[in-house]
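Here is the structure we will look at.
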Amino acid sequence: MKKVVAALLAALMIVSLSACGNRSTESRSTGSSGNSGTGSGGGARISMVMTSDPDTLDPGRADDTQKNQIVLETQETLVRLIDGKLSPAGAESYEPSGDGLVWTFHLRSNKYSDGTEVQAQDYVNSIRRVFDPEVNCHNAGIFYCIKGGEDFNTGKGSKEDVGAEAVDEKTLKITLTEPLPYFPQLLTFSNITPVPESRTKGGANSSYGATAKELAQSGPYYVSDWTRGTQVILKKNPNYWDADHIKLDGIDMPLAQDENTRQQLFDTGKIDILSNVREEYVTSLQSRIDSGDIQFISEPQASNSYICFNNSDPGGVFTNEKIRKAFA
């Protein structure tokens, strides 16, 4: 198969390596051949390292890059960003009301990896869990635009007050606090993906996602093996609505938290995707990139940079408001 080295050019250059056929999107590439599968199915697999060991795969608790990466491969959001464009996913169509306060999503027929049909109520449960203080979703504030969400999250309301309703098995309505034309873009976050209420009743609400066995997985892949501190293995979900267009049969994700270890794994052909590698490593691969042995991809990435002032130290200079304003 082809190997890919992708550089994300931000404040510092980062490298990612990936195999052709991965659903993840990258841009600007040159290609080569390698020793893994071709990405055309029939047993084709790729391998990519995990740079951190996830403590949960609960979509409601997906709060870092590694968790999000796995959740987005194994769960189906209502819409997805594909090549930078918003595309229908779990919902085959959607529309806002005339006043922009209510969005109606018409779900397509999709099944979890165990063959169970995805229902609109599963998305309702997922939305409620985003605001559930017991779940403690770090991204809850992003979705405060959903009616009743902030009150439930801050202990002033209940889950029944949250503006998410299953009109029928395949129709979902979400009510907002105010018109928000870009609301569908927020639904590309991994936190709002279907979770059957039967999986999160009682004490299971706080422990859901701790093991692969208890996960309800609605995406193109499912977690077939999750060995803490070692690896995550993904397999193609044959029940996924778009399974015919999923070219890989699986993704192997060994854990390698050390940068040098990750580079060694790639150099020796044991992985096809590598992330978070510095510019110097790109330079060391230049001859292989030039020869076509490695495919190089780069794209600019948006980022936020900020400075936090420590104004809690009584003797600190930043307790002085004028000094803080001067720096700002």
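Can you name every one of the strands (runs of 3 or more DSSP E) wholly within the stretch 41-144 that holds 2 or more residues which are within 13 Å of the chain's Cα centre (by Cα)? Spell out how you get there, then give the answer.
Working: elements: 45-47, 79-82, 85-88, 91-96, 102-107.
Once the strands (runs of 3 or more DSSP E) in the stretch 41-144 are filtered for at least 2 residues that are within 13 Å of the chain's Cα centre (by Cα), what remains is 79-82.
I want to confirm something. Restricting to the stretch 186-195 and keeping residues that are farther than 12 Å from Asp58 by Cα and out of contact with any strand residue (DSSP E or B) (no Cβ under 7 Å at 6 or more places or on another chain), which single residue is surrounded by the fewest Cβ atoms within 10 Å (Cβ to Cβ)?
Per the criteria, the residue is Leu186.
Mind listing whichever residues of the stretch 161-185 are assigned to a helix (DSSP H, G or I) and surrounded by fewer than 17 Cβ atoms within 10 Å (Cβ to Cβ)? Steps first, answer last, please.
Narrowing the stretch 161-185 to residues assigned to a helix (DSSP H, G or I): 161, 183-185.
Correct list: Asp161, Gln185.
Tell me, please, whether a residue that is of a type in the set (Val, Ile, Thr), more than 20 Å from Ser218 (Cβ to Cβ) and touching a residue at least 24 places away in the same chain (Cβ under 8 Å) can be found in the stretch 133-147. Walk me through how you get there before you give the answer.
As a first pass, look at the stretch 133-147 and keep what is of a type in the set (Val, Ile, Thr): 135, 142, 146.
Still in the running and more than 20 Å from Ser218 (Cβ to Cβ): 142, 146.
With the extra rule that they be touching a residue at least 24 places away in the same chain (Cβ under 8 Å), the set shrinks to 142, 146.
Looking through the stretch 133-147, at least one residue is of a type in the set (Val, Ile, Thr), more than 20 Å from Ser218 (Cβ to Cβ) and touching a residue at least 24 places away in the same chain (Cβ under 8 Å).
Out of everything in the stretch 196-225 that is of a type in the set (Gly, Ala, Ser) and within 15 Å of the chain's Cα centre (by Cα), what residue ends up being surrounded by the fewest Cβ atoms within 10 Å (Cβ to Cβ)?
Our first condition is that a residue be of a type in the set (Gly, Ala, Ser); within the stretch 196-225, this holds for 198, 202-204, 206-207, 209-210, 212, 216, 218-219, 224.
Now narrow it down to the ones that are within 15 Å of the chain's Cα centre (by Cα): 209, 218-219.
On the way: Gly209: 25, Ser218: 30, Gly219: 28.
Looking at the filtered set, the residue picked out is Gly209.
Please report, ordered by residue number, the strands (runs of 3 or more DSSP E) entirely within the stretch 222-328 with at least 1 residues that are within 17 Å of Ile70 (Cα to Cα) and of a type outside the set (Asp, Glu).
Details: elements: 231-236, 250-254, 295-300.
Correct list: 231-236, 250-254.
All of the numbers you see were taken from the coordinates with simple rules; none came from a lab. Since the model is a prediction, treat every value here as computed from it, not as a measurement. Methodologically, a virtual Cβ is constructed for each residue, glycine included, from the backbone with ideal geometry; neighbour enumeration extends over all protein chains shown.
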